[in-house]
Structures are given as structure tokens and as C-alpha cells.
Amino acid sequence: MTDPGPTTSPQTSPIRRVCVYCGSSPGHPPRYVEAATELGHLLGAAGIELVYGGGRTGLMGAVADAVLDVGGRVTGVIPVGLLEREVAHRDLTELVRVESMHERKAVMFDLADAFVILPGGLGTLEELTETATWSQLGMHAKPMIVVDVDGYWAGLWQLLDRSVAEGFMKEANRGILLAVDRVEEVLPALTSYRRIHVSKWLDRDST
């Protein structure tokens, strides 16, 4: 398959809605909840609507509460199965009910202009990797910013670097995820994000 070469997609449209992927648990160090709260205040004060998974617990609840605390808008997207377990946040601007986890991800993706990832578990990792894979396949060029709170995502960077070194990923696609160390760096990162598009497919002649 012929590689057409890299192309750059700048973030030209305004960021009005940001989808945040994060844990439904708070984690042990207080810094994780503090980062989620700081991010919520940052988004709300900037007039950026939060799109997230609709939960009221953990980092999810913290970021939603923080946006609401400063008068911002929050749209939650939650499967009816979780709604019935009473884990949904009841005080959101809008709560969208969907039938499945797959539909939840699709709706959040469609609503969002960009994605910010905080610490979380398997669900957060799955959302991160699927959205990054869609970018790798050229399905979108929306910014993806990972907030590496206290080096939480260090293992992910090691894995991605290994994937490039072992020939499973192109170096340019390694840059789909832009890491920042502090929440205060999120807004500048969103506006400066540049997605360099290259074919997903590695040159077979080099393998």
C-alpha cells in the first residue's frame, strides 16, 4: 500500500466542548481529585462545555462538579444500565441516556471538539486508545491531551515508544497523544495541537 506522506491538520475550529475521559474512582492520592477539580474550574471559567460519562463518583464526579461550581455547562452521556444503578449525576445541564457503552462512546465523540484524559482504569484506557486509533486511521484530527498527573501515564509512554521501536507504530502516530504535566497547560495545548497525518500502514518493504 502506497503511503501518501504526512499532512498536517491544525486545530482551526474553536473548542466549544471538551470530552474528558477519567476514572469513576478517586484514586488514592488526593492529587488526582485535585487535578480533576482544577480541570473542571479551568474549562468552566473558559466557557468550554464538559462532555463526559455522566457519573457522579470519582474523578468523573469531581470534574463535573467543578464545572458546575463556576456556572459552566455539563453534558453527561450514560447507558441506561448504569443509570438504573443510581451512579448517574443528577444535577447536570443535560444527561443523555443511551443503550450501550458503544453508543456512549460514539455520542461523546460526536459532541466533542477535543479530548482531555485524566488518570483512570481500564475504561479510561479503552476510551483513550479507541479514540486515538480513530485518529490514526484518519477518521478525525481532534486534539487529544493527556494530563500526566504525577507521571501516572509513564507506563503508556513506554509502551508506545516500544511499539515504535519494534515496528508496530509510526513515529508520527506516536504524536496523536499530546502529554502535559499540569492542568494549567491544557488550554494552550488544545489551541496549539497539530495532528500530523500519515498512513497507519507501515512500509512493507521495510519489514
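The residue list VAL87, VAL74, VAL63, VAL67 contains one member that is within 20 Å of TYR32 (Cβ to Cβ) and over 19 Å from the mean Cα position of the chain (by Cα), which is VAL87.
Taken as a whole, the condition of being closer than 20 Å to ARG31 by Cα, of a type in the set (A, V, I, L, M, F, W, C) and touching a residue at least 24 places away in the same chain (Cβ under 8 Å) does not apply to TRP134.
Got at least one residue in region 162-171 being outside any loop (DSSP other than H, G, I, E, B) and closer than 26 Å to ALA35 by Cα?
Taking region 162-171 as the starting set, the residues that turn out to be outside any loop (DSSP other than H, G, I, E, B) are 162-165, 171.
Restricting the remaining residues to those that are closer than 26 Å to ALA35 by Cα gives none.
Looking for residues that are outside any loop (DSSP other than H, G, I, E, B) and closer than 26 Å to ALA35 by Cα, one finds none in region 162-171, hence no.
Checking each residue in region 20-62 for being in a strand (DSSP E or B), over 11 Å from LEU118 (Cα atoms) and not hydroxyl-bearing (Ser, Thr, Tyr) picks out GLU49, LEU50, VAL51, GLY55.
Are any residues in region 77-90 in contact (Cβ under 8 Å) with a residue 12 or more places away in the chain and either in a helix (DSSP H, G or I) or surrounded by 12 or more Cβ atoms within 10 Å (Cβ to Cβ) (or both), and if so, which ones? Of everything in region 77-90, those that are in contact (Cβ under 8 Å) with a residue 12 or more places away in the chain and either in a helix (DSSP H, G or I) or surrounded by 12 or more Cβ atoms within 10 Å (Cβ to Cβ) (or both) turn out to be VAL77, ILE78, PRO79, VAL80, LEU82, LEU83, VAL87, ALA88, HIS89.
Picking from residues in region 139-186 that are on the phi > 0 side of the Ramachandran plot and either β-branched (Val, Ile, Thr) or free of Cβ contacts under 8 Å to residues at least 60 places away in the same chain (or both), the one that is surrounded by the fewest Cβ atoms within 10 Å (Cβ to Cβ) is GLY151. Taking ILE78, is it within 22 Å of GLU184 (Cβ to Cβ) and touching a helix residue (DSSP H, G or I) at 6+ places or on another chain (Cβ under 8 Å)? So ILE78 does not fit the description; no. Residues that are farther than 24 Å from THR191 by Cα, more than 16 Å from the chain's Cα centre (by Cα) and part of a helix (DSSP H, G or I) do occur in region 103-118, at least one of them.
What do you reckon, is THR8 among the polar types (S, T, N, Q), assigned to a helix (DSSP H, G or I) and either modelled with pLDDT of 95 or more or more than 15 Å from PHE115 (Cβ to Cβ) (or both)? Lay out the reasoning, then the answer.
Details: among the polar types (S, T, N, Q): yes; assigned to a helix (DSSP H, G or I): no; either modelled with pLDDT of 95 or more or more than 15 Å from PHE115 (Cβ to Cβ) (or both): yes.
The answer is no for THR8.
Taken together, the residues in region 59-75 that are buried (at least 19 other Cβ atoms within 10 Å of the Cβ), of a type outside the set (A, V, I, L, M) and touching a helix residue (DSSP H, G or I) at 6+ places or on another chain (Cβ under 8 Å) amount to 2.
The values are calculated or read from the model by the stated rules, or taken from the named source; none is laboratory data. Since we're looking at a predicted model, the values are computed, not measured. Cβ: placed from backbone, ideal geometry, glycine included. Neighbour counts: every protein chain shown.
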